[in-house]
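Since the structure comes first, as structure tokens, the remarks are kept for the end.
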Amino acid sequence: MFYSSLARQRYLLAECHALAIGLEKPWGGEQIATNSRFAVTGLPIVIPRAPLPIGKDDFLRGHFEFQFPLAQDFLVAANFFHDFEAVGGFRNDIGVEIRLAKLFYPRPASK
């Protein structure tokens, strides 16, 4: 089983301008490598391997996000995150995500 919790507080400073802070805590997601093979270079022998557990996704991550308009119908958002504690094979100490969003406004009704 995999459980995940995310708490975020978002402040809208103006239309399409926003700041957010939050905490994320998932636990229980086990990462497993499957369909792997063991081969020695130069030898024609290939041995299939059983599924191998790599680790779990157990971490506490803090987020800081901001968003601003790039044009009238485009938004740019960035999310900076930091892992405070992590258990498992895949850990991101510090990361950045950048998103671009297109807004589609409805056409005015014809008269």
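Readers should treat all values here as calculations from the given coordinates under stated rules, not as data from a laboratory. The structure presented is a predicted model; accordingly, all values stated were derived computationally and were not measured. Positions of Cβ are generated from backbone atoms using ideal geometry, with glycine treated the same way; all protein chains shown enter the neighbour counts.
What percent does the relative contact order of the chain come to when contacts are Cα pairs within less than 8 Å and at least six residues apart?
It rounds to 21 percent for the chain.
With a Förster radius of 41 Å, plug the Cβ-Cβ distance of PHE68 and TYR3 into 1/(1 + (r/R0)^6) and report the FRET value to the nearest 0.05.
Computed FRET efficiency for PHE68 and TYR3 comes out at 0.80.
Give me a comma-separated list of calculated 3J(HN,Hα) values for the stretch 38-44, in order, Karplus coefficients 6.51, -1.76, 1.60 applied at θ = phi - 60°, integers in Hz, x for any Gly or Pro.
Along the stretch 38-44, the couplings run 10, 9, 9, 4, x, 10, x Hz.
Using all alpha carbons of the chain, what is the percent of pairwise distances in each 10 Å bin, ordered from the shortest bin to the longest?
12, 26, 22, 19, 12, 7, 2, 0
Set the Förster radius R0 to 30 Å, insert the Cβ-Cβ distance between HIS82 and LEU13 as r into 1/(1 + (r/R0)^6), and round the FRET efficiency to 0.05.
That gives a FRET efficiency of 0.85.
Please sort 47-53, 102-108, 63-69 by packing, taking for each peptide the average over its residues of neighbouring beta carbons within 10 angstrom, highest first.
Details: 47-53: 9.4, 102-108: 7.0, 63-69: 16.0.
Descending packing order for the listed peptides: 63-69, 47-53, 102-108.
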